[in-house]
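To start, the structure itself, in structure tokens.
The values are calculated or read from the model by the stated rules, or taken from the named source; none is laboratory data. Please read all numbers here as calculations on a predicted model, not as lab measurements. Methodologically, a virtual Cβ is constructed for each residue, glycine included, from the backbone with ideal geometry; neighbour enumeration extends over all protein chains shown.
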Amino acid sequence: AADDPKQLGQKLDLAAAYVLEGMFEEARPLLDSLPDKLRKPPGDAARGYSPEAGTARRLAFQWTLLHETLDPGKHDAFDLLVDALTAQNSGVDERDSVSSILWMKVFARYAKREGYPVIGAYVLRGFSDYLGYLLDPRRSAEPAERVAAAAQNDEVTREIARLAEGAPDADGTTGAGADRVGATLVRLLDAPRIVPFREVPLPSPFKPMGLTEEQEDARWEELLKPFSFPEDFAPVRAERQGDEAVAIGASQDYDPVGEISRGAYWVIRSRDGGRTWGKPIYTGLRIQSPYVVRRLSNAPLLAGDHLQVEVKIEELDASSITFPPIGLRAKRVQEGLLLQIPFADLERDSDADGLTDLAEERLVTDPQSPDTDGDGLLDGNDPLPQVSWTAVMDDRARALVAVLGRISHMKSMAIIHEIPASGEKSVDIMARARRATLTDERTTFIVADRQDFRSLLTTSRTVVLTAGELELARKKFGPIYAYRLPLFVLDHQQRRGLVIWDASWVGGSLKLRRSGPDWEVETMSDWIT
């Protein structure tokens, strides 16, 4: 019975309660009563997911955490804290080392004392998010469960506030003076959408083809055979008239929408019958927002100085989005429409900065100013168009560059479902799923403090928004699954680090290690809905 895990756990819980109250001498005898063999986690031979091994690791960590709290050593606490995070499961697994508010408070206070308050805050906020799920009025829950969750959430909120006490003010990171570009972005996001087309009924001579899905697939593949498209271009429709050729494709380059659609429509033009193609032109037309381009049409795509594109309205009902999004539905459907889109409107670059006005609208840069952030770089050449660049780069900035390089160049794991046909079975929906297309124009959207990016040199475009700006962008454009870094921490020697990232439907964790002036990034885990 002396080695009974339940009784030992209760002793450690009592010791933890004493520690939180500052009653260290009362806690020491309880710690001393834990057998020596249980003060260290099981060795490699016990690795695995057995309940016994999990419980042994939890007890060993909790003993170590309390021991280090009472008798702090001279070593960096980074490893101990990170080890807990790698096994941490938002407080919903009894084998989790910080599986209750009691242990989260001990953990967070220890992390703060050791100079890692962000780690403690991350754990507390993760549990708060879980409690928020329990308190969601749309979720069915027992009254007692909701009352308990509300009480726990209040306690977590108080502990987060305690963690912030005494923290230095975020000097220079808030207010209009600190982020001059912020006011510009809000103005841009509040502005009406640019509409580069005119919607008209499909003229009667161009009545819909009325083909079955199988017939349409075969005809579409036949029509695309003569064309040779640029690498990574995903064609939806193409047409040639003499030396003039045009194609419409789909890409998530400017539209990180995860698994709910292929992104938005792009256009490429050729003056030599399709042997060579110009730079892809962004249309601003997101798929299912509300239009879907018909792959086949009796209406010619090329019409002199403009495109005429047969579409249907199949507007995505945002309330139907789940992960994975196999139950998407339309809130509005209408057939027999034509969009007249002047090439001049697609290609307009009012400020001559290398980005069309439509591209600037989606990238949240100013189409009337060639340098939105005022750092001397044209928006079309600026890898961080919302961040005024400075030439001072420290180890944290170099580590952040390495992290951005990893997540921005990862192959997309999105399996695109889009809105299924009425009555379509799940097996057919999965069979029709597609992969996302990304090209050299791929842009990373991230929610972060722009101050952290001011000295970064990135190799690809990154749009940095605040949480409030992202919400405005979503209201204007629809879903945007931007990256977030809920945890980015380096050890005190600036030689190791841990990053946890997510983009709502996908996420993971990265281990960082400095090698000379550079940072090596290792993937620890990935998840996808």
| task | Search segment 414-446 for residues being under 18 Å from Ala234 (Cβ atoms) and either basic (Lys, Arg) or at pLDDT below 70 (or both), and hand back the single one that is farthest from the chain's Cα centre (by Cα). | result | Arg432
| request: Would you mind telling me which numbered condition in (1) small (Gly, Ala, Ser); (2) more than 18 Å from Val156 (Cα to Cα); (3) at pLDDT 85 or above Ser50 fails? | output: (3)
| request: Can you give me the number of residues within segment 216-256 that are touching a residue at least 60 places away in the same chain (Cβ under 8 Å) and of a type in the set (Val, Ile, Thr)? | output: 2
| Filtering segment 305-329 down to residues that are at pLDDT below 95 and either under 26 Å from Ala247 (Cβ atoms) or of a type in the set (Ser, Thr, Tyr) (or both), which residue is surrounded by the most Cβ atoms within 10 Å (Cβ to Cβ)? | Ser320
| The lone exception for Leu296 - which of (1) in contact (Cβ under 8 Å) with a residue 24 or more places away in the chain; (2) within 30 Å of Phe229 (Cα to Cα); (3) in a strand (DSSP E or B) it fails | (3)
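Here is a yes/no grid of residues against (1) assigned to a loop (DSSP other than H, G, I, E, B); (2) of a type outside the set (S, T, N, Q); (3) buried (at least 18 other Cβ atoms within 10 Å of the Cβ); (4) free of Cβ contacts under 8 Å to residues at least 12 places away in the same chain:
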position: Gln368; (1), (2), (3), (4): yes, no, no, no
position: Asp375; (1), (2), (3), (4): yes, yes, no, no
position: Met393; (1), (2), (3), (4): yes, yes, no, no
position: Val403; (1), (2), (3), (4): no, yes, yes, no
position: Ser412; (1), (2), (3), (4): yes, no, no, no
| query | Looking at (1) closer than 21 Å to Arg442 by Cα; (2) in contact (Cβ under 8 Å) with a residue 60 or more places away in the chain; (3) of a type in the set (Asp, Glu), which is the only condition Asp502 fails? | reply | (2)
| query | For Gly336, which of the numbered conditions (1) assigned to a strand (DSSP E or B); (2) out of contact with any Ser or Thr (no Cβ under 6 Å at 6 or more places or on another chain); (3) at negative phi fails to hold? | reply | (3)
| field | Any chance Glu259 is farther than 22 Å from Val364 by Cβ and in contact with a His (Cβ under 7 Å, 6 or more places away or on another chain) | value | yes
| remark: Filter segment 248-284 for residues that are outside any loop (DSSP other than H, G, I, E, B) and touching a helix residue (DSSP H, G or I) at 6+ places or on another chain (Cβ under 9 Å); the one that is surrounded by the fewest Cβ atoms within 10 Å (Cβ to Cβ) is Ile281
| Across segment 95-127, what is the total count of residues that are buried (at least 20 other Cβ atoms within 10 Å of the Cβ) and not in a loop (DSSP other than H, G, I, E, B)? | 17
| Is there a residue in segment 414-424 that is of a type in the set (S, T, N, Q), in the same structural domain as Arg262 (by the TED database) and either out of contact with any Pro (no Cβ under 8 Å at 6 or more places or on another chain) or not in a loop (DSSP other than H, G, I, E, B) (or both)? | no
| Exclusive hit being of a type outside the set (A, V, I, L, M), at pLDDT 95 or above and under 27 Å from the mean Cα position of the chain (by Cα), set Tyr110, Tyr130, Tyr116 | Tyr116
| query | Hey, any hits in segment 379-401 for a residue that's more than 30 Å from Arg496 (Cα to Cα), modelled with pLDDT under 95 and touching a Phe, Trp or Tyr at 6+ places or on another chain (Cβ under 7 Å)? | reply | no
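Residue-wise test of (1) among the charged types (D, E, K, R); (2) within 17 Å of Glu441 (Cβ to Cβ).
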{"position": "Ala264", "(1), (2)": "no, yes"}
{"position": "Gln308", "(1), (2)": "no, no"}
{"position": "Glu314", "(1), (2)": "yes, no"}
{"position": "Pro325", "(1), (2)": "no, no"}
{"position": "Leu328", "(1), (2)": "no, no"}
| task | Identify all residues within segment 316-350 that are farther than 22 Å from Arg474 by Cα and basic (Lys, Arg); write none if there are none. | result | Arg348
| query | Any idea which residue in segment 53-77 is surrounded by the fewest Cβ atoms within 10 Å (Cβ to Cβ), counting only those that are at pLDDT below 90 and part of a helix (DSSP H, G or I)? | reply | Ala53
| request: List every residue pair whose Cβ atoms sit under 7 Å apart, with the two residues 6 or more apart in sequence or on different chains, where the first one lies in segment 470-490 and is assigned by the TED database to the domain that holds Gly405 and the second, anywhere, is assigned to a strand (DSSP E or B) and of a type in the set (Phe, Trp, Tyr). | output: Ile480/Phe445; Ala482/Phe445; Tyr483/Phe445; Tyr483/Trp501; Arg484/Trp501; Leu485/Trp501
